[in-house]
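**Student:** I'd like to ask you about the structure that follows.
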Amino acid sequence: MTTRDWKNLVLGAVLLGIAALLPLTGDAYAIALGVNIAMYGVLATSWALFSGPTHYISLATAAFFGVGTYVTASGIDVLPYWALPPLAGIIGGILAGIVGLATLRLSGVYFVIFTLGLAEMIRQIVTWRQNATGHKGSYVLTDLTENHIYWQLLGVAALVYLAGWAIGRSRLGFALRIIGDDEQVASHLGINTAVSKVALFIVPGAVAAIVGAMIAPRYIYIEPSTAFTPMLSFQVVIMAMLGGTGRLWGPIVGVIPFTLLWEVISVSFPNQTTLLLGLCFLLIVYLLPNGFVGLFQKIHARALSKEAYQ
Amino acid sequence: MKRRTALKAAVAASAIVWAGAAFAADPIIVGAVAPKTGGLAGGSVVTHWPNIQLWAGEVNARGGLNVGGEMRLVEVIEYDDQTNPAETIKAITRLATQDNADIILAPYSTGLNIAAAPIMDKLGFPQITSTAATDQVGELSKQFPNMYFLLGSSSALANGAVNVMAEMRDKGEIGSRIAMVNVADAFGIELAAVAKPSFEAAGFEIVYETSYPLGTQDLSPIMKAAKAAEPDAFVAWSYPPDTFGLTEQAMIEDLNVKVFYTAVATAFPAYSAVFGPAAEGVMGIGGVNNGSADFLDYAARHEAATGQKPDYWASGMMYASLQILEQSIEASGTLDMAVINQYIKDHSFETVMGTIDFDENNNNASYWTVGQWQGGEFRGIASTGRDGAVAPVLKNGWK
């Protein structure tokens, strides 16, 4: 590893360490916002690990997230809580592997539609099972507070960043970037495109399931409609795009301003929230097509070229 | 414009009028969080929001709440939770810490109320739920001692309907063939799961049974199959869109049954507005005492203040929850929530839905379970201990 790698690792660790101090302020509002930012940050970053290099837009986040919440909801009476998020991760990973094998040969819009349908399909399966068993509402009653959930999410964030950092430097990461540029070329180079894609698709699947399992104690009452809400998939994509998917730190740069913007809009215009958010999406796509990462790079490049001419 | 600004202006205007009599005290900040968008917005704009508007308007018109001898106006801050539990939690936290709300009202629906329970409990606000129906009242009130339940349990709501039909059958008014369908979603599944064994235990024969996914558009095959089974009674544990859809299909198929029951939204004024005379004799979940002068007066005020009628199930309970808060604050003369909570537990309250007295599980044990459209009004026909039930009538065609 180079000195620069070490510097980045230390910087990342310090920033996460600072973020972990938030609950010490005792400001419940900041912590509630922090949980949302941490949740979307983890989801968007892990989403970008796969969708960033490959350009496969996945709308399956809600499917894996929902599976995770139901792992906690159905397991909380049988297993200790600490066993559930890892279990959710394993189940989410296996599911992503199966889905990946079945669908990653689909390209472009077919893949997008399939992943969108996946959340709905799993939701219908869960509902069907509940209906067949005359199920009573799923309750997750624990002693976990917002602080615990926040710290757990930060822990997952640290793992996701490490994984992303490692993948970016591995043969797998390199292979995926080639696949993203031109899949045909990649296969002619001898890259097993299917295996590479499936291997990386498992990461966001497992992470989203873990996050779902950790959020379940916050919702307490788990319903298919809230666990599998398609809004979640879209929000994750929009946030990641706002930040930019070309860099590991890109998505979080999108998540923070987006969550704060969402907050400002819902506070100031409670009756027009959705309308104004829609307008913001349009503006973001129009003004920042490559996200904040693209903007920074443009500014950086301009500064460099200025230096060169002086 | 911010809703809050509009309300502030209204508060300021009434304060100026009122300043002649006394120096205006700080308003009481009342926080309200419920769906204005998302899946449950359709229900909350009928049942939840209009009552807050009505109550705040009435309180301010009479000069505010009397808190320990000081008259204080109420200022309502509203947030849309988009039917998303994470937003509900965040908005409640925001009301408590950024807006310094003196009171925060319970949110809307079973799921959102339960999601809000830990934060409401931590903040110490009484959470008087009027739109949460659950069989977990005991567990929830043990874990969240300041959570109260007005609407009843899903078991009692389902069994109420079974009992009404069992009595009609025992009198020889209907036969024992039942067609039962349910929407495959939380509340619909719970109700059906309770009703099926109850129907069988009561000696009914379930001749047709099916479920359909939430959001099913085409209900015609279900109604055709139900009709083919030649039932004496049709029961649907349904949600608002399918309550309307199934009724429409029953009219098209001219389903000939003596009892036609649909669940949520049958008690909405819109039901009779849409189906007119065909609604006559339809049974549904909920009910009110239409003979009660208090309720009729409330319904008239509701319509005058908000331009729409209350629904005949949870609307009155929502208003009752506000009356309970108001009476507790005025009687105990404080906004100290620990005192208010103790007051709610120790006393009974006169409301538009009658006397409400919470039991040791913070549960209101007396509520309406079944109502029926009779003469253009949705009247309560069965309850767990409310006065004023009328006798059920037979469904007689769709004209």
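Every number in this text was worked out from the coordinates using simple rules, so none of it is lab data. All figures in this text were calculated on a predicted structure; none of them were measured in a lab. So basically every Cβ, Gly included, is an ideal-geometry build from the backbone, and we count neighbours across all protein chains shown.
**Student:** Normalized C-alpha radius of gyration of the protein assembly as shown, against 2.2 N^0.38 Å?
**Tutor:** Here the answer is 1.04, to two decimals.
**Student:** Between beta-carbons, use under 15 Å as the cut-off and find the net charge around residue A:248, counting Lys and Arg +1, Asp and Glu -1.
**Tutor:** With Lys, Arg at +1 and Asp, Glu at -1, the neighbours total +4.
**Student:** If you line up the long axis of helix B:110-123 against the longest principal axis of chain B, both from Cα atoms, how many degrees apart are they, to the nearest 10?
**Tutor:** 30 degrees
**Student:** Let me ask something else. What is the average number of partner chain Cβ atoms found within 10 Å of a Cβ in B:283-293?
**Tutor:** 0
**Student:** Follow-up question, since we're still on this one. Work out the mean other chain Cβ neighbour count within 10 Å for the residues of B:181-188 and drop it here as an integer.
**Tutor:** 4
**Student:** Multiply the residue separation of residue B:345 and residue B:58 by 0.36 nm, subtract the distance between their alpha-carbon atoms, and state the gained length in nm to one decimal.
**Tutor:** Between residue B:345 and residue B:58, full extension yields an extra 100.8 nm.
**Student:** If you keep only loop residues by DSSP, which trypsin sites (Lys or Arg not before Pro) in the range A:94-198 have at most 15 other Cβ atoms within 10 Å of their Cβ?
**Tutor:** Passing sites in the range A:94-198 are A:105, A:169.
**Student:** Normalised by the residues of the range A:3-309, what does the relative contact order come to in percent, with Cα pairs under 8 Å and at least six apart?
**Tutor:** The value is 32 percent.
**Student:** Using the Cβ atoms and a cut-off under 15 Å, what net charge is assigned to the surroundings of residue B:332, where Lys and Arg are +1 and Asp and Glu are -1?
**Tutor:** Here the charged neighbours net out to -4.
**Student:** With only alpha-carbon atoms counted, please give the Rg and Dmax of chain A, in Å.
**Tutor:** Over chain A's Cα set, Rg and Dmax evaluate to 20.0, 76 Å.
**Student:** Something else about it: How many angstrom separate the Cα center of the range A:100-135 from the Cα center of the range B:103-152?
**Tutor:** Spelled out, the Cα-based centre of one part sits 33 Å from the other.
**Student:** A further question follows. Among the trypsin sites (Lys or Arg not before Pro) within the range B:128-204, which fall in a DSSP loop and have no more than 13 other Cβ atoms within 10 Å of their own Cβ?
**Tutor:** Passing sites in the range B:128-204 are B:171.
**Student:** Past the 19 Å Cα-Cα mark, which pairs from B:171/B:399; B:227/B:258; B:90/B:142?
**Tutor:** The answer is B:171/B:399; B:90/B:142.
**Student:** Quickly work out the residue A:20-to-residue B:391 label distance, labels modelled 7 Å from Cα along the C-beta direction, and quote it in nm with one decimal.
**Tutor:** With each label placed 7 Å out from Cα toward Cβ, I get 7.4 nm.
**Student:** Another one. Helix by helix, which DSSP H runs in chain A go 18 Å or more along their axis at the Cα atoms and have an average Kyte-Doolittle hydropathy of 1.0 or more?
**Tutor:** Membrane-span-like by this rule: A:28-54, A:84-103, A:193-219, A:230-243, A:250-268, A:273-287.
**Student:** Now for a separate question. Can you say what percent of the DSSP beta bridges in the protein assembly as shown, counting only those with both residues inside, are antiparallel? Round to 5.
**Tutor:** Antiparallel bridges: around 35 percent, rounded to the nearest 5.
**Student:** Between residue B:218 and residue B:170, what is the label-point separation in nm under the 7 Å Cα-to-beta-carbon projection?
**Tutor:** Result: 4.4 nm between the two label points.
**Student:** Something else about it: Along the charge dipole of chain A, Cβ charges K/R +1 and D/E -1, which of A:270, A:180, A:248 sits furthest on the positive end?
**Tutor:** A:180
**Student:** Apply 1/(1 + (r/R0)^6) to the Cβ-Cβ distance of residue A:271 and residue A:188, taking R0 = 51 Å, and write down the FRET efficiency to the nearest 0.05.
**Tutor:** 0.35
**Student:** A further question follows. Within the set of other residues whose C-beta is less than 13 Å from the C-beta of residue B:157, count the net charge using Lys and Arg as +1 and Asp and Glu as -1.
**Tutor:** -2
**Student:** I need the fraction of alpha carbon pairs in the range A:32-106 separated by more than 20 Å, rounded to a whole percent.
**Tutor:** Roughly 40 percent, once rounded to a whole number.
**Student:** Here's something else I'd like to know. How far is helix B:293-306 tilted, in degrees, relative to the longest principal axis of the Cα atoms in chain B, given as a value from 0 to 90 rounded to the nearest 10?
**Tutor:** Helix B:293-306 and the main axis of chain B meet at about 70 degrees.
**Student:** As a test of the definition: which semi-axes, in Å, follow for the range B:255-399 when you take the square root of five times each eigenvalue of its alpha carbon gyration tensor? Largest first, please.
**Tutor:** Three semi-axes, in Å: 33, 16, 11.
**Student:** Only Lys, Arg, Asp and Glu count, each charged at its Cβ (+1, +1, -1, -1), so figure out the dipole size of chain A about its Cα centre, rounded to 20 debye.
**Tutor:** Once rounded to the nearest 20, the dipole reads 600 debye.
**Student:** In degrees from 0 to 90, rounded to the nearest 10, what is the angle of the helix B:85-97 Cα long axis to the longest principal axis of chain B?
**Tutor:** So the inclination is approximately 20 degrees.
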